[in-house]
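Here the structure comes first, spelled out in structure tokens, and everything after it is commentary.
No value in this document is a laboratory result; all are computed from the given coordinates. Since we're looking at a predicted model, the values are computed, not measured. So basically every Cβ, Gly included, is an ideal-geometry build from the backbone, and we count neighbours across all protein chains shown.
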Amino acid sequence: MDKLDKIYEGKAKIIFETRDPSFVIQHFKDDATAFDSTKKGAILDKGIYNNKISAAIFELLEGKGIKTHFVRQLSDRDMLVRKLNIIPLKVAVRNRAAGSLAKRFGIEEGEILSLPVMEFFYKNDALHDPMINEYHIKAFGLASDEEVDHIKKTSLRVNKILTAFFDNLDIILVDYKLEFGRADDGMVCLADEISPDGCRLWEKKTLKKLDKDRFRLDLGEVEDAYQDVFRRICMGGEC
Ligand code: ADP
Ligand code: MG
């Protein structure tokens, strides 16, 4: 599949048209942003790691019956995906307190939550992705009740699958962000990427951060962390 016109350039990826209007190419850049884009930089080869990590995770989830936009990896930085109408929600699922949750509620980072906490944010850069709830989603017509139901069920299923998957790699899945979109036939699919950009991943024994927090907080060894996650997932595999 060839890349045709650029449809959209975001903070971490570029979406290109293909000859088939039902499919687009997701190109992964090294660019990194944090704190509402007030911090900008690049992480060497992040695009390659995130493309391959996302591909492996989407394949895993598809194998468990979860519908995703993933079709196949095209190159180091390019992934062929179904073109979706993105639902403007960021769905966060949290197993331990970290980041904004720890800050908002004054909970110590790392505290295990007694059950996974799901949060919705309205995906809108100009409004700084405000947190919203199911009433806002309904009142503003962002998604139907059935879609919200599906998104909640899927996000929790993904949590079970990925918690076990990462645990096997000696990594704690602290929290993560998902995006969903609608296909032509109305089916809601998992979209975007699942990578250390949007997941908090801690090494089980040392609690070392292996994710974008190393960039956010200037902890150093940022590239190494992405490479470490990539190696653990893809060692011996074909990604
Ligand atoms: P942003 O800065 O908006 O987060 P990204 O750098 O993440 O952008 O680029 C990917 C963009 O493409 C996101 O806005 C995401 O919602 C969108 N996207 C992800 N998957 C698909 C898809 N399958 N079809 C259309 N758009 C998608
Ligand atoms: Mg994004």
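Just list whichever of Lys67/Lys153; Lys160/Lys204; Lys152/Lys209 have alpha carbons separated by over 22 Å in the model shown.
Values: Lys67/Lys153 12 Å; Lys160/Lys204 17 Å; Lys152/Lys209 27 Å.
Lys152/Lys209, as the Cα separations exceed 22 Å there.
Could you pull out every residue, at least 5 positions away or on a different chain, whose amide H is within less than 5 Å of the one on Ile86? Hs are placed 1.01 Å off N in the peptide plane, and Pro or chain starts have none.
Sorted by chain and number, the residues that satisfy this are Arg182.
Let me know the shape class of the chain, please: from the alpha-carbon gyration tensor, a ≥ b ≥ c as square roots of the eigenvalues, rounded when a/c is under 1.5, otherwise prolate if a/b is greater than b/c, or oblate. Don't skip to the end; give the middle numbers.
Details: a/c = 1.38, a/b = 1.09, b/c = 1.27.
Rounded.
Using only helices, what value at 222 nm comes out for the chain when you add -39,500 (n - 2.57) per DSSP H run of length 4 or more and divide by the total residues, to the nearest 500 deg cm²/dmol? Mind showing how you got there, number by number?
Numbers: 6 runs with 72 residues, N = 239.
After summing the helix terms and dividing by residue count, I get -9500 deg cm²/dmol.
Could you tell me the center-to-center distance, by alpha carbons, between segment 53-79 and segment 108-152 in angstrom?
One Cα centre to the other: 24 Å.
Taking all pairs of different Cα atoms in segment 6-82, averaging 1/r and flipping that mean, what Kirkwood radius in angstroms comes out? If you can, show how the numbers build up before the last one.
Working: mean 1/r = 0.0758 Å⁻¹.
Final number for the Kirkwood radius of segment 6-82 is 13.2 Å.
Projecting each Cα onto the charge dipole of the chain (Lys/Arg +1, Asp/Glu -1 at the beta carbon, about the Cα centre), which of Ile107, Met1, Ile15 comes out farthest on the positive side?
Toward the positive end, the furthest listed residue is Ile107.
Please list, or write none, the lysines whose alpha carbon is within less than 20 Å of the alpha carbon of Lys6, excluding same-chain residues fewer than 8 places away.
Candidates past the 8-residue exclusion: Lys29, Lys83.
Run down the lysines and flag those whose C-alpha is under 21 Å from the C-alpha of Lys208, throwing out any fewer than 8 positions away in its chain.
Lys46, Lys103, Lys177
Give me P(r) over segment 85-221, computed from all C-alpha to C-alpha distances, binned every 5 Å, as integer percentages.
2, 9, 18, 23, 20, 15, 8, 4, 1, 0
Taking the chain as a Gaussian network, Cα atoms linked when under 10 Å apart, which of Ile48, Ile194, Ile66 shows the biggest mean-square fluctuation?
Greatest mean-square fluctuation among the candidates belongs to Ile66.
Give me P(r) over segment 155-239, computed from all C-alpha to C-alpha distances, binned every 10 Å, as integer percentages.
Calculated over all Cα pairs of segment 155-239, the distribution is 16, 45, 28, 9, 1 percent.
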